[in-house]
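For reference, the structure discussed in these notes is given below.
The values are calculated or read from the model by the stated rules, or taken from the named source; none is laboratory data. No experiment lies behind these values; they were computed from the predicted model shown. With ideal geometry, Cβ positions are generated from the backbone for all residues, glycine too; neighbour counts draw on all protein chains shown. Ligands, DNA and RNA are stripped out before the accessible areas are found, and what is left, the full protein with its side chains, is counted by its heavy atoms. Shrake-Rupley method; radii C 1.70, N 1.55, O 1.52, S 1.80 Å.
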Amino acid sequence: MIAILIDAFVKSTVVLLLAAAVTLLLRRSPAALRHLVWALACGSVLALPLASALLPNLRLAGYPRLDVPVAFTAHELPPAPAAPASVKTQVAQRPAPSATVDPAAAPVRFQFTPGWTSFVVPVWLSGVAAVLMLLAVGLARIAWLGRTTTPPHDEAWLQLVEDLSLELGLARHVRLLQANGPAMPMTWGIRRPTILLPAEADDWSAERRRDVLLHELAHVKRHDFLIQLIARIACAVYWFHPLVWLAATRLRGERERACDDHVLRAGATPSAYATHLLDVARSLRAARATSLASVAMARPAQLATRLIDVLDTRRCRDTLSPRSALPAWIAAIAVVVPLATVAPRVAEPAGLSNKIDTIPRVPAPVSTKRRAAQPQRFVVTDTLRGCSGETRGGHSHTSTSIENDDVSISFTLGNCTIRLSSVGKFEFNDDFTDIASLANGGQVIVEVDYGTHDRRLTVRRGSGGTLERTYKEDGDVRPYDADAKRWFAETLTYLFRRTGYMAEERARWILDHHGIQGLIDELGELSGDYTRRIYYQAAVASGKLDAAGYERLVTLAGQTISSDYELAEFLIAVSKTQPLTERMQAGFITAAKSIGSDYERHRVLTAALSRPGLTPAAESAMLDAAAEIDSDYELATLLIELNQARHIDDAVRPAFFKAANSLQSDYEHRRVLSAVVQREGTSPAMLADVLTSAQTISSDYELAELLIEVGGSYVLDDALRPAFFAAAGTLNSDYEHGRTLLSVVEHGEVPLPVALAVLESAQGISSDHELSELLIAVIRRVRMDDRVRAAVRADAASIGSQYDRGRVYEALSRD
């Protein structure tokens, strides 16, 4: 159970942090969308434990183990009866195990001792019960209110509820109750929703009655009572998790803002509605315990920020339809299902690999003094390739330390460890298979520990300057014969190929003596992408390659280096030092496409695209490779860097916007298009493509920001005007649509065709307030003639609010 709680804590933390990040990105979006994100997060943390139990587990090694230590106490048992002599003899003849067992030790019996873990589950259950008990008290309180209060005596209230329910499209019947004294307006219920009003509600003005009921009916339409119950249950299950309580608090805040937006979209005046909220919060309080289960209208703790939001005319107040909320549900499922399947992978014991012998070990006479305790020893075939894990890609580890002239290298693979350590300066011979020279007092030690035996060679500088070699096998001195020399040469080569030590020097030597083909042959023997990259870069830096050699090397690197980082480092080094010929460009693009990391592919393509001499075909191909980058941030940054570094001509423009249109993030899409708009010398054709690409931006805020930027920087001539207003016509938010058109009107002198296009586009604005504000701005800033006046009158006729329509006609009469 403790493991389940820890697993739920970790996974719920991931979900809640993700929800916080998403709502931060959506801070300019409607409150209804942010409320949906928090609601899905609270529901997801409840669904995670159940989904983890029902779905198959995906074992991941990187996931933390959730094992809980258990305490045991040892008790001695009576000594066991002595075994018969025959049995003792048989046991004595068996090979001794690797662990030493004291035969005199008394056997033990283990007994479980309860530790701190025994109290975790009771404490958790106590917290769950406490929170649920408070919720039950709240539900009982509102049930009592439902039985003891009566509907209002004023039938105007009931008629108003019916009218507003019809206006909001509510199919459920809403019960309206009125308390006997002061009470905060609130709602509760799922199948039979109920709205409670205070006794003093009969004295309210018609405007306040409408605003309060609209707010409460918005709660009913949005099923906020059910969502609050889910959040409360999540707080009960995760009472120990502070992020869950924070999520519930943010959920309540966004819920009230979303209902405020409903009221304002219905035509309420922001200043008057803010006054209603302030008066209600100041004069009324929720009945005791009802706030735990009901949805109250105005909590004093949230009032300050709500009033600011109500009075902020720049806020987006769109509502969400079930169809527009579907992507958020799909995204939540896409997060919860994979996260629920994640489970720790239990490490499996590594199997023994096959032993491949290249150097037969000659058995030597066994010293009776040293081997008296081991009369028979199993002789293992001796070879570097016989290390456990070599043929199965076993785990390897390399450590290198070079300090002044002292070198220490250790390489471990499976059950084998190879070490090279030196004191003082030394040099290898020409082909790096032996030690050629040593400084005075210096020495080099090379040893291989195979797990069951070892070999060791110590090289020292003798008194006459000659090198003295001491060769040992399992601690016994052996002659340094042909087999030992071959072993030493193979050991050094094995070490070079797997650690990258002296890689540049060996690569230059191979190129000098065996040419590019010899280096390519050596690359096939290397182990590790780091080592391969060093050899590749050494070949590039040697200056011995012709154009064909560079092309071949780039192509080969893309096929043999699997590490995205190492391949990216090599390709960037090539792009900085060598001109990218047409044939090399093709290999470069192929290698770049093999990079799976979005960050590394971005680095490589940025380095290549910044180089001169790229053909339009190669540049377009690189942009096609960029379009496959999944990360919107990396792709957007690449496109912005490209736009700043070079001119996007007509041949490359289609590939550039194809990559831009592949961006899923509206923010990143707008960021790329804004960079094009802001660049000096942007051609009209580029701007037209920008506006065409902008039509695929689904976020009204991001699209409006871009269009305002275009309208404020460029003249909307015949080439740009159709694309601009086509993009403006895709805006769903009346506020953003009006803001966009208003920016065109306020940008200097407005030509007649632009003014008529603004008025034509304004026909898509359904908000009376936004449309009237725009028409008044047109009247004040545009030179009026018969065509403009007629278009203004036609738009004003569609305004349903008599007040807003009158404002437009009054401004028109003064002109």
Residue satisfying all of: in the range 267-279; open to solvent by 40 Å² or more (accessible area, probe 1.4 Å) and not in a helix (DSSP H, G or I); farthest from Tyr735 (Cα to Cα) among these: Thr269
Residue within the range 451-474 that is at pLDDT below 90, of a type outside the set (D, E, K, R), surrounded by 20 or more Cβ atoms within 10 Å (Cβ to Cβ) and assigned to a loop (DSSP other than H, G, I, E, B) present: no
Residue in the range 620-628 that is buried (at least 21 other Cβ atoms within 10 Å of the Cβ) and at pLDDT 90 or above present: no
Those residues of the range 498-510 which are part of a helix (DSSP H, G or I) and touching a residue at least 60 places away in the same chain (Cβ under 8 Å), in sequence order: Arg498, Thr499, Glu505, Arg506, Trp509
Residue in the range 511-530 that is within 20 Å of Thr560 (Cα to Cα), modelled with pLDDT of 85 or more and either in contact with a strand residue (DSSP E or B) (Cβ under 6 Å, 6 or more places away or on another chain) or not in a helix (DSSP H, G or I) (or both) present: no
Among the residues listed as Leu663, Leu638, Leu609, Leu673, the single one being closer than 30 Å to Ala727 by Cβ, modelled with pLDDT under 80 and crowded, with 20+ Cβ neighbours inside 10 Å: Leu609
Those residues of the range 595-643 which are under 20 Å from Ser562 (Cα atoms), assigned to a helix (DSSP H, G or I) and among the charged types (D, E, K, R), in sequence order: Asp598, Glu600, Arg601, Arg603
Given (1) touching a Lys or Arg at 6+ places or on another chain (Cβ under 9 Å); (2) at pLDDT 80 or above, number of the condition Leu60 does not satisfy: (2)
Residue within the range 746-765 that is polar (S, T, N, Q), open to solvent by 10 Å² or more (accessible area, probe 1.4 Å) and within 16 Å of Ala723 (Cβ to Cβ) present: yes
The lone exception for Gln443 - which of (1) open to solvent by 30 Å² or more (accessible area, probe 1.4 Å); (2) in contact (Cβ under 8 Å) with a residue 60 or more places away in the chain it fails: (2)
Top-ranked residue of the range 285-318 - restricted to ones that are open to solvent by less than 60 Å² (accessible area, probe 1.4 Å) and of a type in the set (S, T, N, Q), ranked as modelled with the highest pLDDT: Ser294
Ile799 vs. criteria open to solvent by less than 60 Å² (accessible area, probe 1.4 Å) and not in a helix (DSSP H, G or I): yes
In the range 564-579, the residues that are surrounded by fewer than 18 Cβ atoms within 10 Å (Cβ to Cβ) and at pLDDT 75 or above: Tyr565, Ile572, Ala573, Lys576
Looking only at the range 157-188, and only at residues there that are without any contact (Cβ under 8 Å) to a residue 12 or more places away in the chain and among the aliphatic types (A, V, I, L, M), the one that is nearest to Ala199 (Cα to Cα): Leu166
Residue ID - surrounded by the most Cβ atoms within 10 Å (Cβ to Cβ), chosen from residues in the range 187-216 that are in contact with a Ser or Thr (Cβ under 6 Å, 6 or more places away or on another chain) and within 16 Å of Val263 (Cβ to Cβ): Glu216
Any pair with Cβ under 6 angstrom, 6 or more apart, that starts in the range 137-154 at a residue that is over 18 Å from Pro182 (Cβ atoms) and ends at one that is part of a helix (DSSP H, G or I): Gly138/Leu292
Any pair with Cβ under 6 angstrom, 6 or more apart, that starts in the range 678-695 at a residue that is aliphatic (A, V, I, L, M) and ends at one that is open to solvent by 10 Å² or more (accessible area, probe 1.4 Å) and in a helix (DSSP H, G or I): Ala688/Ala723; Leu691/Ala723
Among the residues listed as Ala592, Ala489, the single one being among the hydrophobic types (A, V, I, L, M, F, W, C), surrounded by fewer than 18 Cβ atoms within 10 Å (Cβ to Cβ) and part of a helix (DSSP H, G or I): Ala489
